[in-house]
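For reference, the structure is listed below as structure tokens.
The values are calculated or read from the model by the stated rules, or taken from the named source; none is laboratory data. Bear in mind the structure is a predicted one, so any value in this text is a computation, not a measurement. We place every Cβ from the backbone using ideal geometry, glycine too, and count neighbours over all the protein chains shown. The area values use the complete protein model at the heavy-atom level, side chains included, leaving out ligands, DNA and RNA. Shrake-Rupley method; radii C 1.70, N 1.55, O 1.52, S 1.80 Å.
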Amino acid sequence: MLSVKNLSVDINGTHIIKDVSFEVKKGEVVLILGPNGAGKTTLLKAVAGLITCEGEVKWSEGVKIGFVPQKLDFQQNIPMTVEELFSIVHGIKNKKEIEKYLSFSRASHLQSRQLKELSGGELQRILIAFVMAENPNVLLFDEPMAGIDIGGEETIYQHLQHIVKEHGLTVLMVSHDLSVVFRIADKVICLNKTIQCIGAPKEIKDTMLEDLYGGDVALYPHAGHDH
Amino acid sequence: MEAINTYSIIIGVLGGALISFFGVFVINRRLALAADAYSHIALPGVAVAILAGIDPTLGALAALTIGSFVIHAIQQKTNLYTDTLIGVIFSLSLAIGLLILPESQLESALLGDLTTITRADFLLGIGLTVVLLLLIIKMFRRFTFITFSEQLAQVSGVKTGAVNLLFLLGLAAAVSLGIKVTGTLLVGSLLIIPASAAQMIARNFKSLFSLATLYGVLSVVAGIALSALLHFPPGPMIILSEGLFFCVSFLAKK
């Protein structure tokens, strides 16, 4: 699905990421881990073709990328309802269809609300549904759950898992929420300007993460505990 | 003062409606003051047109179009924001305009005069209206998208650089049309006041555009009527009518 070879990004003469190579198969959920400033967002933007880079980024044919950015220059003050956002920008006039996309992030109840009435977490849910409405087959998530309360976060990950399986989506995701994401990731990439470790979650040892984050961290599953 | 003719009323109403409609995008992209400054880029074009004896609207349109391309070109090569570049180009344009414009023509260029609209002005105004209307219809979705979030539009594959250039060219058409109604000095108010008055009380996007357009049309009609009644120039009377609707919205806001 995706082949990245010797990918490097320099901004104003500073290496943001250097010689990054990895492959992603169709239907895989890949988690990108790393400390602040490791180049995680830059890597996502580079594979999405949003910034110039050196090296090779090769996607399979027919790929449609949906990108959920971390920080958004959101104009929340516009008198606009959630429904209008979908109908005007995506051209989806059918209310049931809008509701279907909103249900992906458990946001159906927000359909008739004004954007300016929504909390940060609610907006994030709308944003995820908004990107899903572009019908992507690849999702790039840059800390998608930032700002969503823990209970909601758990629910969205469960939904994400469901959507990914049902639609056969391929996902590249930056997240710090190791324990939650562990359950849905097929592959973990540890990044700190260069790739520090790569493999299935069970192959990633705690010592590798300690090296990556420089502290006492662990990657562990917490089974059950569904909300 | 000459009497208002049919041409003036048609151009005034069309201009009031379309410019107020476009103003919704302007204020929500936080370009209200920048758009006001941007309108002054027209001045050197107006000055050259007056000296050459051609329609000042054509001069304004030429100056604003060139200004838009210059702003866009510099923006692509630097990290400067649109409003900053408008500030630079507007100051330079104003200086050039004031230097070349004969003093006797300054008042008419700055304040405009809806009472002096000729058949040629009228046809040019209709042409600008059609261009602006087509642009809004064609680009409405993308203008809404970049207004909502330019970053999200970019990651969704919208060519934001090209859309921003078209937005500036739309602004050029709107301002050129508005200069006939209120003059260079006051044209920014047509973009800002009806849209902001509507924004205070609109419950959704559709009502926002409808109300802004309605305020724009009513302000022009009321301004022309007051001008005829009180024998004041129409431009300032139109702006004062907009101010009245702004107060109405403010008082109606719960």
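General remarks:
- Listed residues A:Met1, A:Met80 arranged by accessible area, highest first, probe 1.4 Å: A:Met1, A:Met80
- The phi-based Karplus calculation (6.51 cos²θ - 1.76 cosθ + 1.60; θ = phi - 60°) puts the 3J(HN,Hα) values of the range B:17-26 at 5, 5, 5, 5, 4, 5, x, 4, 5, 4 Hz, whole numbers, x for Gly and Pro.
- Of B:Leu61, B:Leu80, A:Leu31, the order by accessible heavy-atom surface (1.4 Å probe, DNA, RNA and ligands excluded), from most exposed downward, is B:Leu80, B:Leu61, A:Leu31.
- Net charge of neighbours whose Cβ lies under 13 Å from the Cβ of A:Leu115, counting Lys and Arg as +1 and Asp and Glu as -1: 0
- Whole-Hz ³J(HN,Hα) from phi, Karplus 6.51 cos²θ - 1.76 cosθ + 1.60, for the range A:105-114, glycine and proline x: 10, 6, 10, 4, 5, 9, 3, 9, 6, 7
- Sparse packing (at most 16 other Cβ atoms within 10 Å of the Cβ) combined with a DSSP loop state is found for the following chymotrypsin sites (Phe, Trp or Tyr not before Pro) in the range B:55-90: B:Tyr81.
- In summary, the lysines within cross-link reach of A:Lys25, defined as a Cα separation below 20 angstrom excluding same-chain residues under 8 places away, comprise A:Lys5, A:Lys40, A:Lys45, A:Lys58, A:Lys64, A:Lys165, A:Lys187, A:Lys202.
- Where Cα atoms sit under 30 Å apart: lysine pairs in the range B:6-253 separated by 8 or more or lying on different chains: 8
- Sequence-separation-based contact order of chain B, relative, with Cα cut under 8 Å and 6+ spacing, percent: 32
- A:His15 - accessible surface, heavy atoms, 1.4 Å probe, Å² rounded to 10: 80
- Compactness of the range B:1-139 as Cα Rg over 2.2 N^0.38 Å, two decimals: 1.10
- Between A:Leu191 and A:Leu33, A:Gly34, A:Gln196, the built amide H atoms are under 5 Å apart, and every one of these is 5 or more places off in sequence or on another chain.
- Rounded to the nearest Hz, the phi-derived 3J(HN,Hα) couplings of the range B:65-79 under the Karplus curve 6.51 cos²θ - 1.76 cosθ + 1.60 (θ = phi - 60°) are 5, 4, x, 4, 5, 5, 4, 4, 5, 5, 4, 5, 9, 10, 9, where x marks glycine and proline.
- Taking one quarter of the surface of the C-alpha convex hull of chain B gives a mean projected area of 13.4 nm².
- By a 1.4 Å probe calculation restricted to protein chains, B:Met200 has an accessible surface near 50 Å², given to the nearest 10.
- In this view, the solvent-accessible surface of B:Arg141, computed with a 1.4 Å probe and all protein chains in place, comes to about 100 Å².
- Taking the helices alone, the protein assembly as shown has a mean residue ellipticity at 222 nm of -18500 deg cm²/dmol, built from -39,500 (n - 2.57) per DSSP H run of at least 4 residues and averaged over all its residues.
- Taking all protein chains together and a 1.4 Å probe, the residues B:Ser189, A:Ser119 rank A:Ser119, B:Ser189 from largest to smallest accessible area.
- Per-residue mean of C-beta atoms belonging to partner chains within 10 Å, peptide A:42-48: 1
- Over the protein assembly as shown, the reciprocal of the mean inverse Cα-Cα separation, the Kirkwood hydrodynamic radius, stands at 25.0 Å.
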